[in-house]
Each structure stands twice: as structure tokens, then as C-alpha cells.
Amino acid sequence: MTTGAPLATGTLPSRWTKVGAAIALLTAIVSALLVAFAWPSVRSSVHDVPIALAGPEPAVAQIRTALDVRLPGGFDITEVSDTAAAEQLIRDRRVYGAIDLSSGAPQVIVASAASTAIAQTMQTMATGLGQAGGTGSPVAVRDLAALPADDPRGAGLSAGALPLVMGGLLAAVLLTRLVQGTVRRVAGALGFAVTGGLAVAAILQFWLGSLSGSYPANACAVALTIAATSLTILGLESLFGYVGIGIGAAVMMLVGNPLSGTATAPEMLPGWSGALGQLLPPGAGGRLLRSTAFFDGRGATQAVTVLVAWVAVGAALCLVGGLRARRTAAGLRTTRTAPAETASAYLGS
């Protein structure tokens with residue numbers, strides 16, 4: 001008589017409630033991804049963008065009124081006396097561009113390396129000013145900080161933001177799986193930040209032609225961004241395990257990357273999101289790299305401060321996690337040796 005083999009426990013179908021829970025979780029995840037990446041782009045607009053107005057007060061007041069009518073709340077205007085002062089503000093990254101009325105015929109000064117989106121907005125605005133003047137001739141537009149000829153749209157710089165975040169995340173995951181010891185993991189993260197910074201900056205600058213400026217400075221900017229991301233995620237993992245990696249990935253990829261403003265400008269993101277993005281490594285790293293590549297490092301103080309703070313926080317989390325793991329290991333050794341010592345004392349009595 002032949003009897004059928006019993007079904008293995010592991011092959012039993014899952015409960016329908018578990019299937020429903022998986023569907024609900026996946027729906028929530030894809031919805032969160034869509035909101036994180038689409039919301040900043042769809043709601044992007046010009047608001048409180050810092051620009052300068054140069055020229056005599058009556059002309060400046062007239063242009064200010066015209067801008068308020070065309071784009072209410074669109075610009076945060078700084079008034080200066082002449083062209084040189086306006087250009088200095090642009091070079092120091094305190095404004096994105098300027099409308100210069102000091103020489104009679106108006107001209108618009110832009111800095112496409114700071115933001116191609118804002119530069120295009122100001123060029124459109126120049127056309128409107130020419131039409132409003134009744135001359136029909138376009139207002140002159142001058143690019144004070146142009147992007148490289150090999151990448152005039154800044155596509156490489158915008159596309160490079162996500163790989164930097166992914167590189168820091170991948171470094172944390174691999175070091176967690178392959179390397180034991182807190183000091184060695186931190187050393188591995190810092191070592192990868194250096195080599196990754198050199199490699200990424202070389203690709204962007206020498207192959208794709210997306211960066212100008214000093215290669216060592218650009219490499220340092222990339223390295224600092226990678227270090228801030230990888231050390232933070234390593235520190236979270238040392239405290240919370242794989243849940244910490246998930247938390248770090250969500251903060252860096254779902255919040256930091258979409259809100260970085262690298263593709264447009266932080267001021268163009270909705271509400272408070274642009275300011276928040278500049279406090280996270282992707283946003284601070286993007287600003288720092290623009291400063292080193294196109295503005296001789298000007299305007300990089302806040303970005304460097306933010307990134308160094310994240311590196312310090314990540315290193316502190318790694319230290320706390322390492323000390324806790326050491327205490328736990330010492331407690332386990334004590335627990336294992338205590339019964340053996342008790343038995344030896346009993347046998348020796």
C-alpha cells in the first residue's frame with residue numbers, strides 16, 4: 001500500500017490576511033516614493049529667490065513694482081548702487097542674478113552654474129522687460145558664471161546627486177556585512193569617501209565635462225558628502241541593526257535627495273522643503289560642489305558646516321554602538337564563565 005508523503009510545513013500557503021498586508025505595505029511604499037520624488041517637482045515654483053537690483057532708486061522702484069506684479073512673492077530683492085556690487089553678490093552666491101539699470105540700458109546678469117532653472121526664468125523676465133519698455137528689442141543677458149560647454153544644461157551635476165546617496169548607502173551596507181569592528185568600519189567608510197570622491201569628481205570633470213574649477217576641491221566636496229551619508233547610516237545600523245539602515249536610507253533617499261534642490265534650486269521647492277533639504281547631506285553636498293566647481297568655494301560655509309556635523313554625528317553613533325556591543329559581549333563572556341567557575345569551586349571543595 002502506498003501512502004502520500006506529508007506536506008512540508010514550509011510549503012503551506014500563506015494566510016490571505018498576510019497577502020492583504022503585503023499588498024497594503026507595497027501600496028504604501030510606492031505611494032511614498034511617488035510623493036517623495038514627484039511632489040517637489042510638480043509644486044516647484046519661483047518664490048523668495050534672492051536677486052539684486054542695481055541702479056538709481058526711481059528705476060529700481062519701478063522694476064521692483066513690475067516684478068511684484070508679474071511674479072508676486074517671487075523674488076527677495078537686494079538693492080545695490082552699481083554693476084560691480086551686483087556682480088560681487090552673485091560671485092559670493094548671495095543672489096542668483098541681477099537686473100542692472102545703472103548704465104542706462106537695462107541688462108540682466110545671470111549665473112547658470114548656480115541654477116539653470118532660475119537663469120532661464122530671468123532670461124524670460126528679460127524678454128518681458130524689453131516688451132514692457134516699448135522698444136521691442138530684447139534686454140541684454142550676460143552669464144557671469146556659465147556652465148561648461150560640454151554640459152551647458154548641468155545634466156551631469158543634477159544626475160550625480162542620486163549616485164552619491166546610493167554610494168554612501170551601499171558603503172554602509174557592504175561594510176556592515178563584510179567588516180567586523182567599529183574602528184575598521186569607520187576607517188573603511190572614510191577610505192571609500194576619499195577614493196569615491198576622487199573617482200566621481202574625475203568622471204564628472206574630465207570625462208563628462210560637467211564640472212570646472214579645482215579638481216582636488218571638487219573631489220573633497222564629493223568625499224565629504226559620501227562620508228556624511230555613509231557614516232550616518234553606519235552609526236544608525238550600529239544602534240538599531242538593519243532597521244537603522246532602513247531609517248538612514250529613507251532619510252537620505254526619500255527626503256534628502258528629492259529636497260536637495262540640485263536640479264533646480266532650494267528656493268524653487270515648495271514651502272519649507274528647500275530649507276530642510278539644505279540641512280541634509282544631499283542638499284548640502286550639491287551646494288558645496290557647485291561652490292567649488294564654479295564659484296571658487298564662495299558660499300560654501302553653511303554646506304561644509306552641515307556635512308561636517310553629519311560626519312561627527314555619524315562617528316558619534318558608531319562610537320556609541322561600538323561601546324554598547326563591547327559591553328554586551330563582555331556581559332555574555334561573564335555569563336558563560338560564571339557557571340564554569342562555580343562548578344570548579346564545587347569540585348575542588
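The values are calculated or read from the model by the stated rules, or taken from the named source; none is laboratory data. On a predicted model such as this, the values are computed, not experimentally measured, just so you know. Neighbour counts are summed over all protein chains in view; Cβ atoms, including those assigned to glycine, are modelled from backbone coordinates with ideal geometry. For accessibility, only protein heavy atoms count, side chains too; no ligands or nucleic acids. Shrake-Rupley method; radii C 1.70, N 1.55, O 1.52, S 1.80 Å.
Numbers for the structure displayed
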{"item": "Hits in segment 174-188 - residues which are part of a helix (DSSP H, G or I) and either touching a residue at least 60 places away in the same chain (Cβ under 8 Å) or open to solvent by 30 Å² or more (accessible area, probe 1.4 Å) (or both)", "result": "174, 176, 177, 178, 182, 183, 184, 185, 186, 187"}
{"item": "Among the candidates 217, 171, 221, 199, residue that is modelled with pLDDT of 90 or more, within 15 Å of the chain's Cα centre (by Cα) and in a helix (DSSP H, G or I)", "result": "221"}
{"item": "Test result for residue 193, in contact (Cβ under 8 Å) with a residue 60 or more places away in the chain, in contact with a Ser or Thr (Cβ under 9 Å, 6 or more places away or on another chain) and either open to solvent by 10 Å² or more (accessible area, probe 1.4 Å) or small (Gly, Ala, Ser) (or both)", "result": "no"}
{"item": "Residue within segment 33-42 that is outside any helix (DSSP H, G or I) and open to solvent by less than 70 Å² (accessible area, probe 1.4 Å) present", "result": "no"}
{"item": "Scope segment 202-214; condition open to solvent by 20 Å² or more (accessible area, probe 1.4 Å), outside any helix (DSSP H, G or I) and within 16 Å of residue 288 (Cα to Cα); matching residues", "result": "212, 213, 214"}
{"item": "Entirely in segment 53-152, the strands (runs of 3 or more DSSP E) that have 2 or more residues that are touching a Leu at 6+ places or on another chain (Cβ under 9 Å), buried (at least 18 other Cβ atoms within 10 Å of the Cβ) and not acidic (Asp, Glu)", "result": "75-80, 97-100, 107-110"}
